[in-house]
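Here is the structure we will look at, set down as structure tokens.
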């Protein structure tokens with residue numbers, strides 16, 4: 001029963017997103033629940049991880065290096081090329097490029113978990129790209145849009161620690177000392193995570209309903225191309241560089257899913273409300289598409305996990 005429910009994850013995401021769009025007041029009041037819900041999902045992830053998962057990632061840093069490199073090279077470049085080819089207005093183009101210059105978002109960790117990808121790798125990449133973003137995000141913004149962006153990263157790092165690292169470590173700790181008990185409830189964790197992320201997506205849609213009304217087809221296509229080409233490109237390049245299927249999927253999700261919340265905040269502070277529209281739409285789009293990708297990749301994850309284990 002739970003497996004059947006979980007397999008329809010994209011459907012629940014789309015249905016609840018539509019409900020939130022037409023009835024935004026039903027969900028917008030729950031904005032304060034987004035961070036606690038994300039933290040809860042991270043805790044569930046931690047319950048499925050062990051310290052050896054992180055050791056394996058750190059011992060073989062090649063996927064981390066590839067992922068972080070693609071994060072800051074490919075995503076800004078794709079945004080710039082899409083903006084130029086589609087002839088986007090200056091402020092919309094600047095907003096799209098700004099999203100491309102941001103580090104990976106924490107939602108990617110959730111999608112990797114639901115896709116049965118390498119969660120330890122995803123979390124590690126998010127942390128490293130966020131740290132490197134202190135230098136690269138302002139630099140890339142200056143290079144591509146000639147704007148000086150001053151980012152206070154300490155609050156971001158603190159929030160990531162509270163929202164991601166602390167809950168994951170708590171879950172790993174409990175899994176280590178109470179493994180037998182955790183095994184009994186492990187089957188319900190993906191379902192609880194799906195319920196949480198679908199509700200989060202609905203809240204995000206409700207909060208951005210007015211922005212969505214203003215978004216034209218041109219911006220929608222640009223955001224979809226940016227996200228889709230980012231994921232496809234990261235996966236293809238990772239496989240070309242002989243990274244395992246599971247780790248390549250992880251890199252694709254991590255690279256394609258930007259910290260769009262940061263993008264919205266920076267656009268509003270340094271550019272204009274119009275420039276914030278691509279980031280606002282991106283925050284919805286990458287979650288819905290990520291849900292669909294996770295549902296599809298989950299069906300073959302066990303096969304490729306076994307293949308990777310034999311390498």
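Applying 0.36 nm per residue to the separation of residue 165 and residue 183 and subtracting their alpha-carbon distance, the gain on full extension is 4.3 nm.
What ranking, highest mean first, results for peptides 106-113, 250-257, 280-287 when packing means the other Cβ atoms within 10 Å averaged over each residue?
Numbers: 106-113: 27.1, 250-257: 31.1, 280-287: 25.2.
Top to bottom by mean Cβ count within 10 Å: 250-257, 106-113, 280-287.
Neighbour counting of Cβ atoms within 10 Å sorts the residues 62, 298, 242, 116, fewest neighbours leading, into 242, 62, 298, 116. Treating r as the C-beta distance of residue 191 and residue 77 and R0 as 45 Å, the FRET efficiency rounds to 0.70. Scoring 33-39, 232-238, 183-189 by mean Cβ neighbours within 10 Å over their residues and listing the highest first yields 232-238, 33-39, 183-189. Working ranking of peptides 165-174, 42-51 by packing, defined as the average number of other Cβ atoms within 10 Å per residue, highest first, is 42-51, 165-174.
Note on residue 135 and residue 220: with the Förster distance fixed at 25 Å, the Cβ-Cβ geometry gives a FRET efficiency of about 0.20.
Springs join every pair of Cα atoms under 10 Å in this Gaussian network model of the chain, and among 213, 134, 223 the largest mean-square fluctuation is at 213.
Using a simple spin-label model with pseudo-atoms 7 Å out from Cα toward Cβ, residue 11 and residue 59 lie 4.2 nm apart. If you run the Gaussian network model on the chain, springs between alpha carbon atoms under 10 Å, then out of 175, 227, 259 the most flexible one is 175. When both the range 243-260 and the range 72-134 are represented by their alpha-carbon centers, they are found 10 Å apart. Return the single residue from 13, 65, 117 with maximal mean-square fluctuation; model: Gaussian network over the chain, springs between Cα atoms under 10 Å. Most flexible of the set in this elastic network: 65.
Read the figures in this text as sums done on the coordinates, not as results from a lab. Keep in mind that what you see is a predicted model, and the values were worked out from it rather than measured. Counting neighbours? That spans all protein chains shown, and the Cβs are built from the backbone with ideal geometry, glycine included.
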